[in-house]
Amino acid sequence: MSLQLILTGTSHTFYFSDLHTLVLEKEIYTFYSQLTVTVYDTDSPENLLDINRAKLLSDSTQLHLGTIEHLSVTKENGIIKLQLTSRGLTAMLLQNQLEPGIHTEMSLDRLMMEFYTFPEDITWEENSDTSNYIYVKQNVSMWDGIANLSYKLYQTYPFIRGANEIRITLPTTYRRYSASSDRSLIRVGMITDQSLLYSDFYMADASGTYGAYHENEPEATDRRLVRTKQLALDQQYLYDPQEALTFRRKFTDRQLQRFFFEIAGVSTLSLGDCITYGSVLTRAVLTRIRIVGDDKGLLTLMKAYADGFYAFSGT
């Protein structure tokens, strides 16, 4: 496999296959990929200043397509050094806000097409189910609206598959990676992280009486943790106020346990694909991918979470 970086601007396109350093990060609770890369060039520095898009390919597989967040161009001894950071196009979902109020008969299709016109490279899982509404508070982003709708429809948290595809369910067609049979496997391990975990959630009712609704997190109780939240009534879940607490419980135990696998080279797997590892993992969802590279070579770190939204094993 060979990597290629393509940088495009208003009047120039640049192609790089010799990347000095590289970090590509994708995580299932983060709604965009992030690329940090350093390359060298001999072109005129002024031609590089209008660059606004970065694309990373592994052969013909698109790993990343995003906007340039930061670009530094320096010239020394006739050599130009480019250092850039790029976020996937879906970062725009945080940078656009929804109009406050109640939006009825809302589907993912309507949400993505009727508010703003996004670049066509942002795609989403087809969904025309208009049986739900979303309640939007002040300063709520498009992504928050998608997360609200995703949980109402399927009790899931949305994620970005591939470069810029919004998913609210796991794909029915996916690739399966068997760590046990991978000769490029360098190391495998397991992590427990309870830093985000809360034990109890309390919420007021419509009259303002706190403690009217309560949700306990057994994982925190088992770990003898006492961490509580007191919340006002969440109008996003007036149809079932308890669901507001269930959602928060699941979200705060994210990444609670995770297996990790590091391999030599570049993996073109996507978030939502499947990891197996002997009898330990029979079907674990791939929830994080981190590709790093320098003059010593390329490595890919993959993780599978077990938390409120994901499990290590399944069918």
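The values are calculated or read from the model by the stated rules, or taken from the named source; none is laboratory data. Predicted, not measured: the structure shown is a model, and the values here were computed from it. No Cβ is skipped: glycine too gets one built from the backbone with ideal geometry, and neighbour counts run over all protein chains shown.
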Can you tell me which of (1) touching a Lys or Arg at 6+ places or on another chain (Cβ under 7 Å); (2) assigned to a helix (DSSP H, G or I); (3) of a type in the set (A, V, I, L, M, F, W, C) is the one Leu269 doesn't meet?
(2)
Regarding region 294-312, can at least one residue be identified that is at pLDDT 95 or above and of a type in the set (Lys, Arg)?
yes
Can you name the condition, by its number, that Ala284 falls short on among (1) crowded, with 19+ Cβ neighbours inside 10 Å; (2) part of a strand (DSSP E or B); (3) touching a helix residue (DSSP H, G or I) at 6+ places or on another chain (Cβ under 9 Å)?
(3)
Of the residues Arg290, Arg254, Arg249, Arg227, which single one is out of contact with any helix residue (DSSP H, G or I) (no Cβ under 6 Å at 6 or more places or on another chain) and farther than 18 Å from Phe201 by Cα?
Arg290
For Ile80: the one exception among (1) in contact with a His (Cβ under 6 Å, 6 or more places away or on another chain); (2) in the same structural domain as Glu25 (by TED's automatic domain parsing)
(1)
Filtering region 146-176 down to residues that are of a type in the set (Phe, Trp, Tyr) and out of contact with any Cys (no Cβ under 7 Å at 6 or more places or on another chain), which residue is surrounded by the most Cβ atoms within 10 Å (Cβ to Cβ)?
Phe159
Matching residues in region 33-77 - criterion: being over 27 Å from Thr287 (Cβ atoms) and not in a strand (DSSP E or B):
Thr42, Asp43, Ser44, Pro45, Glu46, Asn47, Leu48, Leu49, Asp50, Asn77
Identify the residue in region 263-315 that is in contact (Cβ under 8 Å) with a residue 12 or more places away in the chain and of a type in the set (D, E, K, R) and, among all such residues, is farthest from Tyr29 (Cα to Cα).
Asp295
Select, from Arg288, Arg227, Arg249, the only residue that is within 30 Å of Val39 (Cβ to Cβ), modelled with pLDDT of 95 or more and charged (D, E, K, R).
Arg288
Meets criteria (surrounded by fewer than 17 Cβ atoms within 10 Å (Cβ to Cβ), at pLDDT 95 or above, more than 13 Å from Phe31 (Cα to Cα) and among the acidic types (Asp, Glu)) for Glu114
no
Find all pairs meeting these conditions: Cβ atoms under 9 angstrom apart; at least six residues apart or on different chains; first residue within region 90-117 and on the phi > 0 side of the Ramachandran plot; second residue of a type in the set (A, V, I, L, M).
Gly101/Val136
If I filter region 91-103 for residues that are in the same structural domain as Asp144 (by TED's automatic domain parsing), assigned to a loop (DSSP other than H, G, I, E, B), touching a Lys or Arg at 6+ places or on another chain (Cβ under 9 Å) and not aromatic (Phe, Trp, Tyr), do I get at least one hit?
yes
So, of the residues in region 132-154 that are touching a strand residue (DSSP E or B) at 6+ places or on another chain (Cβ under 8 Å) and in a loop (DSSP other than H, G, I, E, B), which turns out to be nearest to Tyr237 (Cα to Cα)?
Val140
